[in-house]
Amino acid sequence: MSDVTEADVQALFERLDKEARAAGYNLNTDSAFVRELVRGLLTNQNRFGYQACPCRLAAGTKEDDLDIICPCDYRDPDLEDYGACYCALYVSEKVLKGEQALGSIPERRPGPNQRLARSAGHGADSPAISKLPLPVWRCRVCGYLCAREGPPEVCPICKVKKDRFERFI
């Protein structure tokens, strides 16, 4: 039996809806469906210590799952290409207006070996770039860039925590 209560589900549902609206995103209008996704997020929070996407198989280590912590790194490209994120928690304005039907959303998350290779390949070796006075950090969720000693505590655009940033340059 899950330790997730209806009060927990309601509180996270309201927080996600408020944050989505404030950042220009939309939650799926099927509230029963969204509540089940929220229940999955809370279950994963209890299980792993972070809200891994309930529609994907989490590895159980935060470092391996950073790309699928909600909102995942793939939300925005999925919204652009398919009108919804992989689990359909977030939907586009076109879907809300009935201008685009929801369909199957293919998994764009690379396999474990590709993710490992991708994370090892970051960082530029160009002499001009290496002379920048500060490193550039990129939010893996929304693409926000900032030049500073370290990433911000919270992304000013999508509100994810600093562990979702990667050194870009």
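Of note:
- Restricting the trypsin sites (Lys or Arg not before Pro) of the range 1-102 to loop positions (DSSP other than H, G, I, E, B) with no more than 13 neighbouring Cβ atoms within 10 Å leaves Lys97.
- One decimal place: the segment Lys159-Lys18 gains 49.6 nm when fully extended, by the rule 0.36 nm per residue minus the C-alpha distance.
- Linear extension gain, Ala11 paired with Ser104, 0.36 nm per residue minus alpha-carbon span: 30.6 nm
- Near Leu79: Cβ cut-off under 13 Å, other residues only, Lys/Arg at +1 and Asp/Glu at -1. The net charge is -3.
- Listed candidates (1) 19.9, 62; (2) 15.3, 46; (3) 17.1, 57 - label of the one calculated as Rg and Dmax of the Cα atoms in Å: (3)
- Helix-only CD estimate at 222 nm, as mean residue ellipticity for the chain, using -39500 (n - 2.57) per DSSP H run (n ≥ 4): -11000 deg cm²/dmol
- Here is the result for the range 1-59: no GluC sites (Glu not before Pro) lie in DSSP coil with at most 15 other C-beta atoms within 10 angstrom of their C-beta.
- Remark: spin-label model distance Asn113-Glu93 equals 4.2 nm, labels positioned 7 Å along the Cα→Cβ axis.
- Residue-count net charge about Ser104 - beta-carbon cut-off 14 Å; Lys, Arg +1, Asp, Glu -1: -2
Read-outs throughout are calculated quantities, based only on the coordinates presented, and are distinct from any laboratory measurement. Here the structure is a predicted model, which means the values were calculated and not measured. Using ideal geometry, Cβ is built from the backbone for each residue, glycine included, and neighbour counts are taken over all protein chains shown.
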